[in-house]
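Peer 1: Once you've had a glance at the structure underneath, I'll fire off some questions.
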Amino acid sequence: MSEKKKTMLYVQTSGVNTPERLYSPFVLAQTAKAMGMDAKIYFLGMGVTVVKKGEAEKIQMGSFPTLKEIMDQTIKAGVELLVCGQSTQLLNMQRGDFIPEAKIVGAATLNGLVLEVDATQWY
Amino acid sequence: MSEKKKTMLYVQTSGVNTPERLYSPFVLAQTAKAMGMDAKIYFLGMGVTVVKKGEAEKIQMGSFPTLKEIMDQTIKAGVELLVCGQSTQLLNMQRGDFIPEAKIVGAATLNGLVLEVDATQWY
Amino acid sequence: MSEKKKTMLYVQTSGVNTPERLYSPFVLAQTAKAMGMDAKIYFLGMGVTVVKKGEAEKIQMGSFPTLKEIMDQTIKAGVELLVCGQSTQLLNMQRGDFIPEAKIVGAATLNGLVLEVDATQWY
């Protein structure tokens with residue numbers, strides 16, 4: 001039991017205009033938690049639109065539940081959601097536009113996180 | 001000769017609708033093998049369409065050979081091709097839809113691989 | 001003062017047809033330099049169009065300066081710009097098509113870099 005818990009970081013750089021790219025980080029972050037790891041998802045660039053209030057409800061693919069259902073399960077599993085503050089400015093979005101579970105952070109945060117975590121995945 | 005052989009993992013998250021994104025992991029995986037490394041390519045999300053039977057034959061860019069020729073060279077060079085099972089479900093694709101060299105695996109596989117390999121590249 | 005300086009590598013695989021994906025690596029590379037790290041940006045696939053002469057001038061988003069202004073600040077901050085030679089061939093571009101600060105390198109370079117640096121970010 002001496003091994004340190006691993007942390008996996010998922011970065012979502014794609015937005016609601018490419019719905020086929022949005023399920024993977026949520027599914028994989030849930031899987032990471034089930035594997036005994038910590039998991040965080042960082043939304044950057046167009047990715048911030050995924051955690052905009054009301055957007056995940058509109059996305060549904062194949063026989064899968066809506067993205068909102070998958071996102072809610074992911075939050076319940078203890079996965080942390082972080083949003084790039086600079087990206088929200090680039091897209092003229094306001095702090096109140098996002099779901100309350102998504103924490104807005106600065107650009108230095110991502111540079112620090114990718115050095116700290118055990119692995120990062122890019123979507 | 002005591003240094004362990006390095007392994008490079010390439011993840012293809014883009015599909016046949018963005019042909020300009022598809023050559024890089026095959027070219028780089030071949031280069032990795034020529035550099036004495038092991039190399040694997042993991043197809044996820046829309047990326048699974050790249051290893052759908054009959055698709056790589058249709059893709060050709062600039063003065064390069066078809067993607068099928070590049071893929072065949074890559075397989076011959078000993079690069080392993082893995083396909084995300086959940087993504088095939090998301091896109092309503094069947095096991096028999098894929099080229100025989102592509103091995104379908106579960107979501108836990110990618111989380112494990114990115115921790116095991118020496119570096120991962122995302123396309 | 002005994003800790004080695006960290007190096008962050010940013011890989012830009014997206015091109016001028018997706019302007020919303022282009023600011024992040026420049027902003028983050030500048031932030032990395034301000035955090036005391038070394039930073040490099042590698043342009044690959046469609047990403048090479050970002051450092052084509054005259055292209056960054058045409059890109060401007062939200063209340064941000066043009067991409068050219070951000071790129072110039074990034075170069076002045078000491079961030080190195082590398083261009084994948086194979087990608088320029090794939091897109092039928094010539095060596096003289098690129099800004100002089102962008103150094104064209106071979107496919108083996110990226111495989112080597114991702115093993116050497118402390119972390120890589122993919123855009």
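The values are calculated or read from the model by the stated rules, or taken from the named source; none is laboratory data. Since this is a predicted model, take the numbers as computed values, not measurements. For neighbour counting, all protein chains shown are included, and Cβ atoms are generated from backbone atoms with ideal geometry for every residue, glycine included. For accessibility, only protein heavy atoms count, side chains too; no ligands or nucleic acids. Shrake-Rupley method; radii C 1.70, N 1.55, O 1.52, S 1.80 Å.
Peer 1: When Cβ neighbours within 10 Å are restricted to other protein chains, what is their mean count per residue of peptide A:109-122?
Peer 2: Counting other chains' Cβ atoms within 10 Å and averaging over A:109-122 gives 6.
Peer 1: Same structure, new question: Whole-Hz ³J(HN,Hα) for each residue in the stretch C:112-123, computed from phi via Karplus 6.51 cos²θ - 1.76 cosθ + 1.60 with θ = phi - 60°, x for glycine and proline: what do you get?
Peer 2: So the J values, rounded to whole Hz, are x, 4, 5, 7, 7, 6, 7, 7, 10, 10, 10, 10.
Peer 1: On average, how much area does the Cα convex hull of chain A cover when viewed from any direction, in nm²?
Peer 2: 7.5
Peer 1: If you don't mind, another one. With +1 on each Lys and Arg Cβ and -1 on each Asp and Glu Cβ, how big is the dipole of chain A about its Cα centre, in debye rounded to the nearest 20?
Peer 2: Working: 13 positive and 12 negative charges, 19 e Å.
Charge dipole of chain A: 80 debye, to the nearest 20.
Peer 1: Compare C:L9, B:L115 by solvent-accessible area with a 1.4 Å probe and give them largest first, with all protein chains kept in place.
Peer 2: Ranked list, largest accessible area first: B:L115, C:L9.
Peer 1: Then there's this: The stretch B:1-70 to the stretch A:1-51: how many Å between their Cα centroids?
Peer 2: Using only Cα atoms to place each centre, the spacing works out to 23 Å.
Peer 1: Quick one: of the DSSP bridges fully inside chain C, what percent are antiparallel, nearest 5? Before the final figure, lay out the partial values.
Peer 2: Numbers: 2 of 20 bridges.
In chain C, approximately 10 percent of DSSP beta bridges are antiparallel ones.
Peer 1: Which value, in debye to the nearest 20, describes the size of the charge dipole of the stretch B:66-118 about its Cα centre when Lys and Arg Cβ atoms bear +1, Asp and Glu Cβ atoms bear -1, and nothing else is charged?
Peer 2: I would put it at about 180 debye.
Peer 1: Using just the helices of the protein assembly as shown, give the 222 nm mean residue ellipticity in deg cm²/dmol: DSSP H runs with n ≥ 4 each add -39,500 (n - 2.57), and the total is spread over all residues, rounded to 500. Please list the in-between numbers first.
Peer 2: Numbers: 12 runs with 114 residues, N = 369.
It lands at -9000 deg cm²/dmol.
Peer 1: Additional query: Which percentage, to the nearest 5, of the DSSP beta bridges contained in the protein assembly as shown is antiparallel?
Peer 2: 10
Peer 1: Let me ask something else. Residue-wise, which Karplus ³J(HN,Hα) couplings in Hz belong to the stretch C:38-54, taking 6.51 cos²θ - 1.76 cosθ + 1.60, θ = phi - 60°, and x for glycine or proline?
Peer 2: Going residue by residue, I get 8, 9, 10, 10, 10, 9, 9, x, 4, x, 5, 5, 5, 9, 6, 3, x Hz, with x marking Gly and Pro.
Peer 1: What are the lysines whose alpha-carbon lies under 23 Å from the alpha-carbon of B:K33, with same-chain residues fewer than 8 places away excluded?
Peer 2: Reachable lysines: B:K4, B:K5, B:K6, B:K68, B:K76, B:K103.
Peer 1: Right, another one. Give, as ranges by residue number, the residues of the stretch A:106-123 whose backbone N falls under 16 Å from the point 7 Å along Cα→Cβ of C:D118.
Peer 2: Hits in the stretch A:106-123 for C:D118 at 16 Å: A:108-120.
Peer 1: In sequence order, what are the phi-derived ³J(HN,Hα) couplings for the stretch A:85-101 according to the Karplus relation 6.51 cos²θ - 1.76 cosθ + 1.60 with θ = phi - 60°, rounded to whole Hz, with x for glycine and proline?
Peer 2: x, 4, 5, 5, 5, 4, 9, 6, 9, 9, 3, x, 6, 9, 4, x, 6
Peer 1: List the residues, sorted by chain then number, that are 5 or more residues from C:Y42 or on another chain and whose placed amide H is less than 5 Å from its amide H.
Peer 2: C:Y10, C:V11, C:Q12, C:L82
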